[in-house]
Every structure is written in structure tokens, then in C-alpha cells.
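The values are calculated or read from the model by the stated rules, or taken from the named source; none is laboratory data. A quick note: this is a predicted structure, and the numbers were derived from the prediction, not measured. We place every Cβ from the backbone using ideal geometry, glycine too, and count neighbours over all the protein chains shown.
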Amino acid sequence: MIVRISGGHVVDPLSGRNETGDVWIEDGKIVAPPQGQSADAEYDARNCLVMAGAIDIHSHIAGANVATARLMLPEAHAAYMARPAQTQLAAAGWTAEETGRRYARMGFTTVVEPAVSPHLALHAHLELSDIPIIDKAVLAVLGNDDYLLSALRKGEGATAVADYVALTLQATRALGVKCINAGGAMAFKENVRAFSLDDVVPQYGLTSRQIMEALQDAAVKLKLAHPLHLHMNNLGLPGNVETAIATIDAARGLPLHLAHLQFYAYGKEGGRAFSSAAAQLAEKVNASPHVTVDIGQVMFSDTVTISLDVLRQFTGLKTARPRKGFIYDGDINSAGVVPYSYKRSDFFNAVQWACGLELFLLIDDPWRVFFTTDHPNGAPFTVYPEIFALLTSRDRRAEWLASLPKGVAETTTLGSIRREYTFEELAIMTRAAPAKLLGMRDRGSLAAGATADVAVYGLHKDRAKMFAAARYLFKDGALVVRNGEIVHAPYGRTFRATPGFDRAIERRLDRYYTSLYGLKRDLFSVPDFALPRPQAFGEVPCLA
Amino acid sequence: MPRKAKSSARKSAAAPKAAAPIDIDAACKLAATLLSAARLPVIAGMGADVAGARAAIRLARATHGVYDHLASAEIMAELEPLRRARRFATTPDEARVRADCLLFVGAGLVQRWPEIGARLAVGAPPALQRGRARKIVWLGGDRADVKGLGAEVDALAAARRDMGPLIGMIRARAMGRPIKAEKSALRRIDSLAETFKAAHFGVAISSAAALDPLALEQLAGLVEDLNATTRFSSLLLGPRANGAGVTQAGAWVAGFPPRTGFCSGEAEHDPWRFDARRLIESGEADAALWIDAYGDEPPPWTRKVPLVTLTCGDFGGGLVHVRAGRPGVDHDCVEMAIETGVLTPRAASAPSAAPRVDAIIERIMAHLPGSCA
């Protein structure tokens, strides 16, 4: 079947298109305009923006901690006993099915769940299997596990670590490896309450820096397309910009992705000892071409924070809104789930909001800055259209800034920034660059041969309205959204990386599980029989 | 409309004889007729693996019915501290390798998990706590369980009804607050509070079956308070019949744990309103599908309603019965495994052709009016 999307404003940075024209689809792929053949179906895209399907590289959409958040906050759903008719989290859907549908509605076609603890991988994949329309991937989290830390303590070499990482990716069916406050969760089990880059994990004698370097080296050695995805130390603390800058230096020029950078852009200036240091941090990122970042934009809403940074979450219990929380000391990683409400009237929250936008606007290269709210930690993903509107309009930002508490404007540079994102820059940040960062060479583009994930938005001067509901969305060439309504909900695939490794690690790890836990390792595996759609996996190749 | 629907459900329910064996497809067709004709059907029991739970919730949604689990009272009690306050949790692995203090709380824990002592290696020092010994305390345990644990236990006997106050008193003393108690009792309680505060990484082990809901909340509070100065967490053994696994599936399929209804088309959760037993006894619900693939537990209500049963035994109290395979025995499954504390794949130990709950429900759904299947 040949499909023609005709007469739209096509923006595709990878093929260099930024023009009025057509996009052709055949058998799930983008094709060149066929000679002498007409379309079986034609979609009118006049007065529309046509881009590849959007990709979210960091959104907590599945797994045990997401489940805990749902169970903790029944009142946040649309329907629970005496309840508000509409809540922020209710707008995010909050079931696997609604997650897929609401992402699709906004023109997203690929989403990465970035925090899967290896022993909870099956849970995450079961849930991802039930998310319709979009393609998915997970990142496996290491760096707070006894096996790795013991190996490093014993001085085992880079090859041994790489084999372990590769086996973990295989066992968890993950696309990449992530590290969350390296060593911090392990230190918290030893009753340590603050943990920075050069602090030492008790019993192991290793610093956070050493653990991070080992995992970063493993990702390089395995030629993973996606570099180590790092959640740094000291998230959310005043003055933590120093940690972020030190961590960028600690990367030694090797590829490194820094997650939700906004939460590390804080200084200690002013009467409240809390200020934006985003300009300083953006300058550092601009000068560090080996580093990519996503933002973790804060928006004013009731939400819930879901993080494997248990140390941060434990501290966060004190400021939970409402006052509940869950702290989990897990086998390989720990976690915390803590509700929070970002308020426009709160000085600290307002500074956080401004920090995120400053980073978006002051980091020059749209190929290295990625669009996230760290869903749901900064805000539910359903607020994305409003953020697109803020990025593309300095007037809109000025209106928001004027509504914030006294003193906020003075602590940030946001009011002075004139930059407005162009459609091309948005397409790079949300399509082309994420595909490259994840190694998903088949998408993020409208060039011939690409997977036919195509989003069409009716042009509207209110960008929030425009990006809230796609006019059309095609997934693998099939029409799934029309005028913001789901018309078809097939199930997508989950992508993983499969680097090679020395199989000796399997026997070694089997012995480790038997002797330490008294269990067989395969109890924590993700076998085909456990999944409702075991065939729905795709592979991301390693770098050449 | 409701009356008419009700009478038609009754009428079709009266057609077959309870004991008459029919083939599975005819049984599924009849089940679909009963459930679709009902004004408010309940999908209850839900003793099923994750695949069975997903299917059961979808059936509840398709029939604008309700889903509830046979151990929902325990599920709700476990969720309560999470919903109202704070909860600290850990895994059996961490209890085994890291806990230098194991605090067992309540009776019936060994009955729930006979391998608990071996799995937690209670007789050995914790492998990841170099040089630290392991202290074991049991509050309100069965005497035989305490004796049979295979380790030295500091036991304090207490009746179930006294557990809440006892934990509360220990909690108060751990936080340095006064309590009213006799001297010897105060000494004992103070000594326990000191033991817990001195732990490097303690784990309290209990279950919603072993404690009343308020005692369970009190225990969550004690664990939280201890974290002011040291590390302590808790391990709940979870309700029977995969209650914890069904709860997890509920969270992602419907957004809610059991006791959720789709009467309006959207999922609504209300632990009182959608209690299957209450719905049937009150006459609000007028047909039921009862699932217990882990056993052959009968439904808890006494009122007669058109009933379809799906158990791994020969339960015969309903109009239609389908014998289901037992998860992890007759067929591969995913369930919340007590020994891991996470959703765990379980290969069949004695594979058979007995049908899976999800497969049976899919066949029922294929016969629902308007189904495309």
C-alpha cells in the first residue's frame, strides 16, 4: 500500500528538508516519490507541519516503581472515592494502555523507560508489552550492585566488567546501561546520608567516580550506541552545579549522557541560598562535546517522583506533598517513590522551572540537548506541548516569569534570553538527535528507507494546542491517530542491544547467585514464555 | 432495564444442570451468556498468575463489571501504610545477605512460607555484613515456629490483639517517649527498642495475615522511625493466591488494585463499594465468575447467584465449572514469588494440558456479544 502525505511543511533535519512537499510511505517505510504510481491513500497536510515521530529518551513509564506510585496515589487518578474530577496524574493516563495512547496523541512513537533494575526487568517488560502503539526500550541500571562493586574492589579488569554489563543487557533485554548515584544506594544501606562524587562506599573502598568510570569504560568497550546514561550525585541540592561540572570533567572526554540536568543546575546565591546556576552549567556543556544531556523540565503540577536514587528520595520524604512515601532497599538497586507538588507560588519550584528553560535555551547545540521532564519527576509527560510553546515563544516565557514569586526573575538569566526554538531545532531535539543517541538508525528521519513513523500537526499560532494533538500519526506506516483521536492501536516493539561477551561470565554469575542468594539466577530472567508478545523485540546494532 | 436484565440472567442461569459435564467451549459460551446478561457481574477470587489477572481485568472491563481478589482484605491492609503514610520495604535477598537483625512479627509466618528459615539463612551471619552477627527477635510467634526456625531467637509471646499496642510501645520507647508499663515489662520493651536501634540493617518480617491492619500500620511506623538513626526495612510475605502479583497487574492494566469496578466504563476503585462479597450479599451484583487456579477455595458469600467457577479442583458449587491448570505446575507462568519478592517466571513443574486461566477467559470473551473474535 502506498500512502502520500501531501502538501505539508516537511521538516527533516537528517535529510536536510525544510520545505513544502510530500512524504511517501510504502510497506511501513518512507520511500522516494514513486515514479508512475499513484497513492492508495492520500492525506492532506496543507497548513500542517510534518516531522518524524517523536522520541522520548527518558520517561518512567513502566515497572515496579511506577506500579508503586499508582498504588500509593489512588486519589491522583480520575476516579477514587471522594475525588477531584481531574488531576494532573489523571491527565497522564496512568495505565499502560493510556500511556501509549497519550504519547501517540502527541505524535510520539518511541519512548525509553530509563530505570530498570535487573531483578525487576520482567516486571518492566510485562508492563511495556501492554503499552500500545509506541516502540519502547529500557536501560538497565548498575552501579549499586554487590557483584560489580566486589569485582572492582578485587581489581578485576575492564573486560570482566564489560562481560558483566553485556550479560546484564542480555538478561534484562535492555538497550543501554544506566548508573544512578553510583554507589549511593549501597552507601545508604550502610546508613550513609550524603554521597558525592569522591565519597567512598563503605565496605568496598570505591568512590562514586570509580564506579561511574568503570561503567562508562564498559559501554565504550562494548561499542554500545547509547553511552553510559548517568544520574549524578547530589540531585536537587543547592550548590550541586559543582557536582555536575566535576562529573563532566570526570568523563575524561569519553561519551556520557547526563540525565535530567535541570536538577543539577542550582547555586547557593541569594537570601534563600538557592539560585539558578544554569548559565554556568550550560557554558560547561557547550564546551564539552563528549557530553549529551536531557533536561528534566519542571512544570507546576501535582506529580510523583520515582527514582532509584534512594538517598535523594529518603531526604525527599521530608518535603513530600502529600506526606507519603515508599523507600525500597532492593537486591541490585534501591528506589524511592515520593509524591510532590511543584507550585508556581513556591520560590524554589519557580527557580527550578526557570533553570530547565535556561538550559534548553543556553545550550547551543540541539543535537546534544534532549527534551524530557523526567516523567513524572519534573512533570507528567502530558505537559510537553506547553513546554514546546515556551521554547518557541519568548513572550510566553515572559508572561510566565511575571507570574512567579518576587526574586525569582533576579536569580535567573531566563528573562534576558531571546532565543526561540525553530521547528527545525525541535525536530532535531525530539527526533533526529534521540534516534542517533539511542543508535536507532531506522527512525528520527523522513529520508527514504526510514521506518514510517510520521507525525503531522495542524499549524496553529498557539504551539501548545498545535503539539497537544497530532492531525495524523503514522506508526510503521499505519495511521494510528487522526485529529487527535486514536483510530488504531497496534502493539509496537521493544528495542535492545546485544553486544557479544565471553560466556564464562554466565557460569560465574550462576555460582554467585547460588552461593550468595541460594537461588538460581534464571528466577530473575525474562524468558519468552513469560511475555505476552515475546516476538515483539527489535535490535539496535552496536557501533562499528 | 435492570430488572429485565436481571431476570434474563436468572433465566439463562437456570437452564443447565450444575453437575452436567459439558465441553469447554460450551462452558465458555454459557459463562459469556451469564456474565453479559448480568446487570453487574463480579470477577472474583482472581487466584491467578499475571496472565490470568490481565485477562480477568479485561473481562471485568468488557462486561462493565468488578474485579476483586480472594485475599483483598490482606491486599488492602498491606496497601494502607503506603496510601496513608510511609513504607519501607526490602527483598528476601537483602534480608538474607544484609540483615544483622531479623524481626519476625506475628503468627502463621512459617505456615505461609515453610522455607522461610532456610531461605533467609537465619542460622548464618549475614554474608554482606562483614564481622557482624545476626540477632533474631520474634514478637507474637507460634511457639513451634519459633523453636523450629533453626536459630537462636529472642521471643516475646503476645496475643494477636495485643500486637498493635506492643509494637506501639516499642516504637514509643525507640523514639524516647514515655509509656505506662510495669517495671519488668518496661525493661523488656526498652531492651527490644535498643536492639532494633543498634541494628545496622534490620528487617521486620510479617504479613497482613499475621497482623491486624492497625498493627501492620504500627509496624510500618516503627520501621520508619528507626530510620531516623539507623537502617531498617520490612518484608511482607504477601497475600495467598498471587495476591501481590494480581495487585501489580491491576496497577498497570487498570491503574488500581483489586476492588475496582468498570460500571461507568472507566476504572473506579473503592475498597468498600467493590468488595465482591458485599456486592453479592447485598444483591447489587447478580452474576459471578470465581477464579482460584491456585486452589479450590469456595466463594465467601452465601447468597445464590449465577456462578461460573474456574479452579484447579473440582469445585461444584456453580452452574458452570471449568477445571483450570495450576500456574507453575500445569503450565509456565509469571507470579509474585515469595522467595524473590518480584514478578518471577516459573516453568511448569508437571506440564499438562489443563487450560490456563487467561486462555479460558479469552474463550469466554470471544463469546461476549459484540466480540469480533
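Test residue B:39 against the criterion of being on the phi < 0 side of the Ramachandran plot, among the basic types (Lys, Arg) and part of a helix (DSSP H, G or I), and give yes or no. So residue B:39 fails the test. Where helices (runs of 4 or more DSSP H) fall entirely within the range B:159-273, those with at least 3 residues that are touching a helix residue (DSSP H, G or I) at 6+ places or on another chain (Cβ under 6 Å), small (Gly, Ala, Ser) and more than 14 Å from chain A (Cβ to nearest Cβ) are at B:163-174.
Taking the conditions (1) within 14 Å of chain B (Cβ to nearest Cβ); (2) surrounded by fewer than 24 Cβ atoms within 10 Å (Cβ to Cβ); (3) assigned to a loop (DSSP other than H, G, I, E, B) in turn, residue A:314 satisfies each one other than (3).
Scanning the range B:63-86 for residues that are more than 23 Å from residue B:253 (Cβ to Cβ) and of a type outside the set (Gly, Ala, Ser) yields B:81, B:84, B:86.
Of B:260, B:230, B:302, all but one fail to be under 28 Å from residue A:123 (Cβ atoms) and hydroxyl-bearing (Ser, Thr, Tyr); the exception is B:260. Across the range A:327-348, the number of residues qualifying as part of a loop (DSSP other than H, G, I, E, B) and either hydrophobic (A, V, I, L, M, F, W, C) or more than 10 Å from every other protein chain (Cβ to nearest Cβ) (or both) comes to 7.
Of all residues in the range B:173-211, those satisfying the criterion of being of a type in the set (Gly, Ala, Ser) and surrounded by 16 or more Cβ atoms within 10 Å (Cβ to Cβ) are B:174, B:193, B:199, B:202, B:204, B:206, B:207, B:208, B:209, B:210.
Listed by first and then second residue, the pairs with beta-carbon distance under 7 Å, at least 6 apart or on different chains, first residue in the range B:147-162 and free of Cβ contacts under 8 Å to residues at least 60 places away in the same chain, second surrounded by fewer than 14 Cβ atoms within 10 Å (Cβ to Cβ), are B:150/B:123; B:151/B:123. Inspect all residues belonging to the range B:128-138 and state whether any of them is within 14 Å of chain A (Cβ to nearest Cβ), among the charged types (D, E, K, R) and without any contact (Cβ under 8 Å) to a residue 60 or more places away in the chain. Looking through the range B:128-138, at least one residue is within 14 Å of chain A (Cβ to nearest Cβ), among the charged types (D, E, K, R) and without any contact (Cβ under 8 Å) to a residue 60 or more places away in the chain. Return the residue satisfying two criteria in turn: it lies in the range A:168-199 and is more than 17 Å from residue A:226 (Cβ to Cβ), among the aliphatic types (A, V, I, L, M) and more than 14 Å from chain B (Cβ to nearest Cβ), and of such residues it is farthest from the chain's Cα centre (by Cα). The qualifying residue farthest from the chain's Cα centre (by Cα) is A:194. Hey, any hits in the range B:87-96 for a residue that's under 26 Å from residue A:204 (Cβ atoms), within 14 Å of chain A (Cβ to nearest Cβ), assigned to a loop (DSSP other than H, G, I, E, B) and of a type outside the set (Gly, Ala, Ser)? The answer is yes, given that some residue of the range B:87-96 is under 26 Å from residue A:204 (Cβ atoms), within 14 Å of chain A (Cβ to nearest Cβ), assigned to a loop (DSSP other than H, G, I, E, B) and of a type outside the set (Gly, Ala, Ser). Where strands (runs of 3 or more DSSP E) fall entirely within the range A:210-299, those with at least 3 residues that are over 23 Å from residue A:417 (Cα atoms) are at A:229-231, A:256-258. Checking every residue in the range B:346-355 against the condition of being touching an Asp or Glu at 6+ places or on another chain (Cβ under 7 Å) and outside any loop (DSSP other than H, G, I, E, B) gives at least one match. Screening residue B:175 with (1) modelled with pLDDT of 95 or more; (2) within 28 Å of residue B:340 (Cα to Cα); (3) not hydroxyl-bearing (Ser, Thr, Tyr) gives one miss only, at (2).
Of everything in the range A:528-542 that is over 13 Å from residue A:174 (Cα atoms) and either small (Gly, Ala, Ser) or part of a helix (DSSP H, G or I) (or both), the residue that is farthest from the chain's Cα centre (by Cα) is A:529. Does residue B:99 qualify as being part of a helix (DSSP H, G or I), touching a residue at least 60 places away in the same chain (Cβ under 8 Å), under 30 Å from residue A:72 (Cβ atoms) and within 14 Å of another protein chain (Cβ to nearest Cβ)? No, not satisfied.
Just one of the numbered conditions (1) within 14 Å of chain A (Cβ to nearest Cβ); (2) surrounded by fewer than 18 Cβ atoms within 10 Å (Cβ to Cβ) is not true of residue B:122: (2). Residue B:346 satisfies every condition listed in (1) surrounded by 17 or more Cβ atoms within 10 Å (Cβ to Cβ); (2) under 30 Å from residue B:94 (Cα atoms); (3) touching a helix residue (DSSP H, G or I) at 6+ places or on another chain (Cβ under 8 Å) except (3). Scanning the range A:323-358 for residues that are in contact with a strand residue (DSSP E or B) (Cβ under 7 Å, 6 or more places away or on another chain) and among the hydrophobic types (A, V, I, L, M, F, W, C) yields A:326, A:327, A:335, A:337, A:338, A:351, A:354, A:355. Every condition in (1) away from chain B (no Cβ under 14 Å); (2) touching a strand residue (DSSP E or B) at 6+ places or on another chain (Cβ under 6 Å) holds for residue A:523 except the one numbered (1). The set of residues in the range A:281-319 being of a type in the set (Asp, Glu) and at pLDDT 95 or above consists of A:283, A:294, A:309. Per this entry, residue A:278 is not counted among residues that are surrounded by fewer than 24 Cβ atoms within 10 Å (Cβ to Cβ) and modelled with pLDDT of 95 or more. Residues of the range B:52-86 that are within 13 Å of chain A (Cβ to nearest Cβ) and either charged (D, E, K, R) or assigned to a loop (DSSP other than H, G, I, E, B) (or both): B:54, B:58, B:61, B:78, B:80, B:83, B:84, B:85, B:86. Every condition in (1) closer than 19 Å to residue A:403 by Cα; (2) under 15 Å from the mean Cα position of the chain (by Cα) holds for residue A:346 except the one numbered (2).
Can you work out which of the residues in the range B:281-293 that are farther than 16 Å from residue B:37 by Cα and buried (at least 24 other Cβ atoms within 10 Å of the Cβ) is nearest to the other protein chains (Cβ to nearest Cβ)? Applying the filter and picking the extreme gives B:293. Of the residues making up the range A:453-472, those that are among the hydrophobic types (A, V, I, L, M, F, W, C) and either more than 22 Å from the chain's Cα centre (by Cα) or closer than 18 Å to residue A:381 by Cα (or both) are A:455, A:456, A:459, A:464, A:466, A:467, A:468, A:469, A:470.
The helices (runs of 4 or more DSSP H) found entirely in the range A:418-477 that carry 2 or more residues being crowded, with 23+ Cβ neighbours inside 10 Å and not acidic (Asp, Glu) are A:433-438, A:463-468. Every test in (1) crowded, with 24+ Cβ neighbours inside 10 Å; (2) away from every other protein chain (no Cβ under 14 Å); (3) without any contact (Cβ under 8 Å) to a residue 60 or more places away in the chain is passed by residue A:113 save one, and that test is (2).
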